[in-house]
Amino acid sequence: MLADNPSLPGRGQPAADLPIDRALPGLEAIRTLGLAAALPDLGLTDGRVEIRTCNHVMGTRMTFETRAGDRRFAVKLYADDPAPEAELYQELARLGLARDLGPRVPRLLAWNRHLRLVVISWLEGPTAHHLIKLGHGARAGELAASWLWHASRKRVRLGPPRGREHMIYQAGVSAGALGSADRMLGAATKSVAKLLVRIPTREKAPRLVHGTLYARHIFDMDGSPGVIDWTQFGQGPVELDAGMFLATISRLALRHEPFAAQAARATEMFLTRVQRLVDPCALEWYWAAGLLHLAARRLKTRPHSPVPRETPAVVDEAARHAGLAARNSSPRSHVVLSA
């Protein structure tokens with residue numbers, strides 16, 4: 001299910017060998033007791049349980065894949081209360097989005113507020129990110145658009161605000177993080193962020209948004225989209241998710257030039273399919289804001305990491321989309337989406 005490594009062959013690691021992170025109470029319990037004892041609701045037997053770490057942000061969160069017999073699931077550990085995420089999975093299941101057919105999200109298998117963890121089913125399939133790398137860019141764009149149309153028909157009133165103010169705040173955080181690593185790059189990012197503040201956007205009624213709808217979070221589930229990693233969900237405009245997806249595609253093209261043509265096909269297909277769903281000016285705005293967020297994403301959690309080589313180009317691309325949003329916001333402008 002984790003897009004960076006969708007297939008994890010080989011043997012896992014014993015629970016006692018998992019990394020130490022005192023901020024994650026669930027991790028401490030699993031290291032000490034083992035997974036079966038820490039989570040009796042899963043009904044695991046005394047048979048072999050394999051655990052493989054998928055990602056770990058020290059002091060914040062961790063995700064690992066678990067195999068127990070023919071069962072495969074993800075365990076997500078947090079420093080903060082996971083109750084909102086668990087509630088969301090329950091609500092989406094009630095709306096029919098946790099089935100084995102059609103658009104879907106993982107099923108909630110167990111959760112524990114005291115241990116601050118959730119256990120969810122494993123989604124298996126190529127991600128939109130991988131489809132682009134495999135030469136199926138149009139399919140990647142089609143999948144993402146299909147999810148947005150499906151999600152737009154669901155009414156879920158859960159989660160904090162995730163609209164314009166949230167993305168402006170994130171842009172400011174990006175400018176600060178990049179400025180600490182590279183003064184000129186930080187100044188360029190701040191300039192784009194200030195432009196976004198000045199551009200008016202037509203905000204629609206808020207609805208459920210994923211919050212970080214990266215291409216890596218969308219799976220091809222036998223022709224239907226599956227979407228994982230709902231940690232940053234909330235209430236906002238559809239353009240937030242659409243813009244973030246497009247931003248990840250843009251960054252992929254800038255990071256790996258050989259995939260630029262397929263990224264362009266994904267973008268073109270996506271824009272064609274969501275044309276009647278989104279406001280063009282707002283989409284350009286959120287596309288730019290998403291790029292600023294992605295430009296500093298690694299530095300936000302690992303401040304001493306080197307600045308990725310494509311970051312200046314990502315900031316430049318954000319400036320281009322912000323400029324398009326500014327021009328499209330003029331009452332006399334003829335709005336055309338960029339590709």
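Data table
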{"read-out": "Listing of strands (runs of 3 or more DSSP E) fully contained in the stretch 43-123 that carry 2 or more residues being under 19 Å from the mean Cα position of the chain (by Cα)", "value": "49-57, 61-68, 71-78, 117-121"}
{"read-out": "Residue 142, sole failed condition from (1) acidic (Asp, Glu); (2) in the same structural domain as residue 61 (by TED's automatic domain parsing); (3) not in a loop (DSSP other than H, G, I, E, B)", "value": "(2)"}
{"read-out": "Residue satisfying all of: in the stretch 164-201; within 16 Å of residue 283 (Cα to Cα) and more than 24 Å from the chain's Cα centre (by Cα); modelled with the lowest pLDDT among these", "value": "200"}
{"read-out": "The listed residue being among the basic types (Lys, Arg), surrounded by fewer than 18 Cβ atoms within 10 Å (Cβ to Cβ) and closer than 25 Å to residue 315 by Cα, out of 155, 162, 198", "value": "198"}
{"read-out": "Checking residue 299 against (1) at pLDDT below 90; (2) of a type outside the set (Gly, Ala, Ser); (3) under 16 Å from residue 174 (Cβ atoms); (4) outside any helix (DSSP H, G or I), the condition it does not meet", "value": "(4)"}
{"read-out": "Tally of residues being in contact (Cβ under 8 Å) with a residue 40 or more places away in the chain and buried (at least 18 other Cβ atoms within 10 Å of the Cβ) across the stretch 92-111", "value": "7"}
{"read-out": "Qualifying residues in the stretch 254-290 (those that are among the charged types (D, E, K, R) and outside any helix (DSSP H, G or I)) - the one surrounded by the most Cβ atoms within 10 Å (Cβ to Cβ)", "value": "279"}
{"read-out": "Every residue from the stretch 63-112 that is under 19 Å from residue 127 (Cα atoms), in contact with a Lys or Arg (Cβ under 9 Å, 6 or more places away or on another chain) and small (Gly, Ala, Ser)", "value": "98"}
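The values are calculated or read from the model by the stated rules, or taken from the named source; none is laboratory data. Quick caveat: nothing in here was measured; it's all calculated off a predicted structure. FYI the Cβ positions are ideal-geometry reconstructions off the backbone, even for glycines, and counts take in every protein chain you see.
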